[in-house]
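What follows is calculated from the coordinates using simple rules that are stated; it is not laboratory data. Worth saying up front: this structure is predicted, and the values here are computed from it rather than measured. Backbone-built Cβ (ideal geometry, glycine too); neighbour counts: all protein chains shown.
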Amino acid sequence: MGKQSMNGKVCLVTGSNSGTGYAAALELAKAGATVVMLCRNQEKGKTAQKEIIKSSGNKTVDLLIADLSNLDQVDNAVKDFKSQYNRLDVLLNNAGGILEERRVTPQGLEESFAANYLGPFLLTQLLLDILIKSAPSRIIDVSSIANMYGKINFDDLQTTQKYTYRKAYSQAKLAQLMASYELAEHLKDTGVTVNAMHPGAVASGFQQKFSGAQRVVSNIVFKIVGSPPEKAAGTMVYLATSPDVEKVTGKFYWNYKETWSSKDSRNAALRKRMWKETERILSELGYPLGKEC
């Protein structure tokens, strides 16, 4: 896949201080884009920012700090972005993670649900106006094949009962993919495309969130079957830059190719119900969404 020039383009990449996010941000910087890194940890973010500037030779690499599981920080990050930029050509929602034990965010949300779904959802919605103004523009959601195992439990979206990281993560990733498909429908005729992708088993330290025996087993598995972050990032960069997919929207990719997703993710009625429930949750937390939603 040949590299596309991204001169004059602004790309926001979440979770870009390490792993696939870092690799994608680096490639976009090498292609000439203005890259805005949105990272949770300021120290790690600054280190990665310096490395990307040095490796790419591109000085237009900026840094914003926000934990996507904290909706107030998401809101502040968007305000900071809009105070500095008047366009956004690519939003790459890469950040996410697995939590071995249940934790609660400052807004009272289960953290896996917030970090993998609700935070990126709110980030995207708050940036829609500038994405539409900048069209043709692209949204890429880094989802997971875990959507195949997810079930939306409308009676317990926050996984308060019988929490397991598998159940919480797969539900969040299914919700994220459903939102990607639904948003693609909402944004038809705006010039903004929305696609999702599965990065594969990436040997990027993602499994270090586990502890004890689970961490040992995960390390072994990822060493055997894991791909380097650069390989997974290739599909992200392809979706962000390639003219081949400039008008493609509402699809799910794996290794540069459109692929299948779960039956539930393709259920229009279920997607719309999840969207309305998401709007309700955000509204109750003080983030009512606008007409774009």
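Couplings for segment 93-98, taken from phi via the Karplus curve 6.51 cos²θ - 1.76 cosθ + 1.60 with θ = phi - 60°, read 7, 9, 4, x, x, 9 Hz in order; Gly and Pro are left as x.
Our Cα-only numbers for the chain put the radius of gyration and Dmax at 17.6, 51 Å. Taking 15 Å as the straight-line reach from the Cα of Lys54, the aspartates and glutamates in range (excluding those fewer than 8 positions away in the same chain) are Glu27, Asp62.
Arg266 to Lys82: extension gain in nm, 0.36 nm per residue of separation minus the Cα-Cα distance? Walk me through the intermediate numbers first.
Values: separation 184, 0.36 × 184 = 66.24 nm, distance 3.33 nm.
Length gained between Arg266 and Lys82: 62.9 nm.
A simple rule links phi to the HN-Hα coupling: the Karplus curve 6.51 cos²θ - 1.76 cosθ + 1.60 with θ = phi - 60°, which for segment 228-244 gives x, x, 4, 5, 5, 5, x, 5, 4, 5, 4, 5, 7, 10, 6, x, 4 Hz, with x for Gly and Pro.
Express the relative contact order of segment 116-178 as a whole percentage, based on alpha carbon pairs under 8 Å and six or more residues apart in sequence. Display every interim value, and only then the final one.
Working: 45 pairs, mean separation 29.8, N = 63.
Value for segment 116-178: 47 percent.
Given the pairs Lys82/Lys173; Lys79/Lys133; Lys44/Lys173; Lys247/Lys276; Lys133/Lys272; Lys82/Lys247, which span a C-alpha to C-alpha distance of over 23 angstrom in this model? Checking Cα-Cα distances, Lys82/Lys173; Lys44/Lys173; Lys247/Lys276; Lys133/Lys272; Lys82/Lys247 exceed 23 Å.
If you stretched the chain out fully between Lys162 and Lys44, how much longer would it get, using 0.36 nm times the residue separation minus the C-alpha to C-alpha distance? So the extension gain works out to 39.1 nm. For GluC sites (Glu not before Pro), the sites in segment 74-110 that DSSP calls loop and that have at most 16 other Cβ atoms within 10 Å are Glu100, Glu101.
Under the 0.36 nm per residue contour assumption, what length would be gained going from the current alpha-carbon distance of Asp75 and Lys257 to full extension? Please report the intermediate quantities before stating the final value.
Numbers: separation 182, 0.36 × 182 = 65.52 nm, distance 3.36 nm.
This chain segment gains 62.2 nm when fully extended.
A straight Cα-to-Cα reach below 18 Å connects Lys231 with the lysines Lys3, Lys30, Lys223, Lys257, residues fewer than 8 places away in its own chain not being considered. The H on the amide N of Ser137, modeled in the peptide plane, is under 5 Å from the matching H of Val192, Thr193, each at least 5 residues off or on a different chain. Only helical runs count toward this figure. For the chain, summing -39,500 (n - 2.57) over DSSP H runs of n ≥ 4 and dividing by all residues gives -13500 deg cm²/dmol at 222 nm.
So if R0 is 25 Å, what FRET efficiency would Ala135 and Lys59 give, r being the distance between their Cβ atoms, rounded to the nearest 0.05? Kindly include the intermediate steps, with their values, before the conclusion.
Numbers: r = 27 Å, r/R0 = 1.08.
For Ala135 and Lys59, the calculated efficiency is 0.40.
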